[in-house]
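Take a look at the structure set out below.
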Protein chains: 2
Amino acid sequence: MDAFNKLNLKNQSSKFICIGLDTDIDKLPACLKDTKNPVLEFNKAIIEKCSGHAAAYKLNFAFYERGGYEGIKTMQETIAAIPDDILIIADAKRGDIGNTSLMYSEAILNNMNFDSVTVNPYMGYDSIAPFIKNPEKLIFILALTSNAGASDFEKQKLENGLCLYQLVIEKVNQWNINGNCGIVFGATKYEELCENMTRIGELPVLLPGVGVQGGSLEDVIKTFKKYRRRNFLVNVSRGIIYKSNGTDFADAALNEIVSLNESARLLLND
Amino acid sequence: MDAFNKLNLKNQSSKFICIGLDTDIDKLPACLKDTKNPVLEFNKAIIEKCSGHAAAYKLNFAFYERGGYEGIKTMQETIAAIPDDILIIADAKRGDIGNTSLMYSEAILNNMNFDSVTVNPYMGYDSIAPFIKNPEKLIFILALTSNAGASDFEKQKLENGLCLYQLVIEKVNQWNINGNCGIVFGATKYEELCENMTRIGELPVLLPGVGVQGGSLEDVIKTFKKYRRRNFLVNVSRGIIYKSNGTDFADAALNEIVSLNESARLLLND
């Protein structure tokens, strides 16, 4: 099943929550500390409990790279533990000259078997082209991010009146000839999200920033409902995976995603 | 020795060439194909021959990530083979929300022991802050890159009259309170380099794009000479490491870097 179909099937069954596996060895429950690979055991337990309810999983490369090659091995073993019908997003924010982006694309989308990857648009079209040439994969391009620093460059006004991130959204729509481009838009930037729904058009949207970062699930869902759009993912990382620090951590994560799904369903009146 | 001192000592002895270890398993000499780890053998041979002449080594993460965790292991083993007095740059182009950039910084600068890393400024100050807080490391922030796509966003004119990449350079100068920031500026963008030398000021500059990408070593050296600046690195990857495809590949790389150093010295009249 290609990436777009995976996302679509989950979205159509009212699943919009992407679980961010930003697994930090320093934050794991004490009960896992003596296992051979605590990060892997933690991820597998979350995946086993939550996969019936997750719309997607997002793996943040930083948290695995921190463990060197063994951390990357754990990341690859985590990918292998995720059921085939669930979209797996590499939160890698890559982008480089064409020759290098091609290598990243092969690394992440082919060899590591991710369905999807986040990419950084700063270096322009040829830095993104190698990723989007495979129509079976879904490429989320950073538009307006959830952090305060988004004001430094992303929100800079251009000579033509658009903000930089708005130009990015317009370019992504132009580049989307394979129908496999999406954007990243911070859930913390609610006002800008409302203002740009028409500009975003039919692009799938990945929204990080709900929970610890302060974004509101309710605001996001209401906005997409208003525009009759269902192709979006709200990422929650720390708010789900660290809900409990005890032996019940996976059950607590399950309860949290079930509760978030229920909230989403009520807001959509499904 | 901290990163700045490493760079400084090489620059003062008229070494400006950074060898890009963009080692592609598909391009290695046939004589290495049957070794246990051809990429590592290749890198070690280049390092052994060329370290007396290199100003720095730059490892492009994409080429190692392509091999999965074993590729990252090879990257870490390559780092261990580089002499202590030579700057090692992680060409990783990272940048994420603060919490994640902190993890990348720990991964790359502490755990993997790189002296330096390239970062992408799109997400703004808080995405870069965790990298630049360590004064012993040298952080190269993308300004104007060597590829054609630089026109899509980096060269966009802002409302205030600056191009986006010029605003990045000005911000980097403001953020440089630890004196450990540099910029990446494509050697293929000669005209813009000349126009921005004053804006760049004292920031060290990493210049990719000489060789296969079409940038000219002569143009770069003449520009820095004119402004009496010596803190720069010209990266050459494919032009050095793939100079020969035979058993003499390391000698051919050595000859090439010696020749590039000699050209640089003549141009500087050292």
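The values are calculated or read from the model by the stated rules, or taken from the named source; none is laboratory data. These numbers come from a predicted model, not from an experiment. A quick note on method: Cβ atoms are made from the backbone with ideal geometry, for glycine too, and the neighbour counts reach across all protein chains shown.
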>> Given the condition outside any strand (DSSP E or B), free of Cβ contacts under 8 Å to residues at least 12 places away in the same chain and farther than 13 Å from residue B:122 by Cβ, answer yes or no: does some residue in the range B:164-173 qualify?
In response: no
> Name the residues in the range B:226-270 that are polar (S, T, N, Q) and in a helix (DSSP H, G or I), would you?
Replying inline: B:255, B:259, B:261, B:263
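Let's see how each residue does on (1) farther than 16 Å from residue B:264 by Cα; (2) more than 15 Å from the chain's Cα centre (by Cα); (3) not in a loop (DSSP other than H, G, I, E, B):
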{"position": "B:195", "(1), (2), (3)": "yes, yes, yes"}
{"position": "B:203", "(1), (2), (3)": "yes, no, no"}
{"position": "B:206", "(1), (2), (3)": "no, no, yes"}
{"position": "B:223", "(1), (2), (3)": "no, yes, yes"}
>> Being farther than 30 Å from residue A:26 by Cβ and either modelled with pLDDT under 95 or under 20 Å from the mean Cα position of the chain (by Cα) (or both) is the requirement here; does residue A:269 meet it?
In response: yes
> Quick one: in the range B:77-110, which of the residues that are buried (at least 21 other Cβ atoms within 10 Å of the Cβ) and in a loop (DSSP other than H, G, I, E, B) is farthest from the other protein chains (Cβ to nearest Cβ)?
Replying inline: B:86
> How many residues does the range A:25-71 contain that are more than 13 Å from every other protein chain (Cβ to nearest Cβ), in a helix (DSSP H, G or I) and farther than 24 Å from residue A:15 by Cα?
Replying inline: 5
>> Going residue by residue through the range A:36-53, is there one that turns out to be at pLDDT 95 or above and under 19 Å from residue A:117 (Cβ atoms)?
In response: yes
> With (1) acidic (Asp, Glu); (2) over 24 Å from residue B:168 (Cβ atoms); (3) touching a residue at least 40 places away in the same chain (Cβ under 8 Å) as the list, and residue A:91 as the residue in question, which single condition is left unmet?
Replying inline: (2)
> Could you say which residue among B:158, B:138 is more than 26 Å from residue B:8 (Cα to Cα), of a type in the set (A, V, I, L, M) and modelled with pLDDT of 95 or more?
Replying inline: B:158
>> Looking only at residues that are basic (Lys, Arg) and touching a Leu at 6+ places or on another chain (Cβ under 9 Å) in the range A:37-59, which one is surrounded by the fewest Cβ atoms within 10 Å (Cβ to Cβ)?
In response: A:49
> For the range B:174-181, does any single residue satisfy the condition of being hydrophobic (A, V, I, L, M, F, W, C) and over 23 Å from residue B:114 (Cβ atoms)?
Replying inline: no
>> Please go through the range B:1-24 and give me each residue that is part of a loop (DSSP other than H, G, I, E, B), in contact (Cβ under 8 Å) with a residue 60 or more places away in the chain and surrounded by fewer than 16 Cβ atoms within 10 Å (Cβ to Cβ), ordered by number.
In response: B:1, B:2, B:14
> Which of the residues spanning the range A:232-244 are surrounded by fewer than 18 Cβ atoms within 10 Å (Cβ to Cβ) and at pLDDT 95 or above?
Replying inline: A:244
>> Which count do you get for residues in the range B:208-226 that are within 14 Å of chain A (Cβ to nearest Cβ), surrounded by 15 or more Cβ atoms within 10 Å (Cβ to Cβ) and free of Cβ contacts under 8 Å to residues at least 40 places away in the same chain?
In response: 2
> Which residues, taken from the range B:111-142, are more than 10 Å from every other protein chain (Cβ to nearest Cβ) and assigned to a strand (DSSP E or B)?
Replying inline: B:116, B:117, B:119, B:138, B:139, B:140, B:141
> Within the range A:143-162, how many residues are part of a strand (DSSP E or B), more than 23 Å from the chain's Cα centre (by Cα) and of a type in the set (A, V, I, L, M, F, W, C)?
Replying inline: 1
>> Just the residues that are closer than 17 Å to residue A:98 by Cα, at the interface with chain A (Cβ under 7 Å from one of its Cβ atoms) and not hydrophobic (A, V, I, L, M, F, W, C), please, taken from the range B:144-192.
In response: B:145, B:146, B:147, B:149, B:151, B:152, B:154
> For the range A:174-193, how many residues meet the condition of being surrounded by 14 or more Cβ atoms within 10 Å (Cβ to Cβ), part of a loop (DSSP other than H, G, I, E, B) and of a type in the set (Gly, Ala, Ser)?
Replying inline: 2
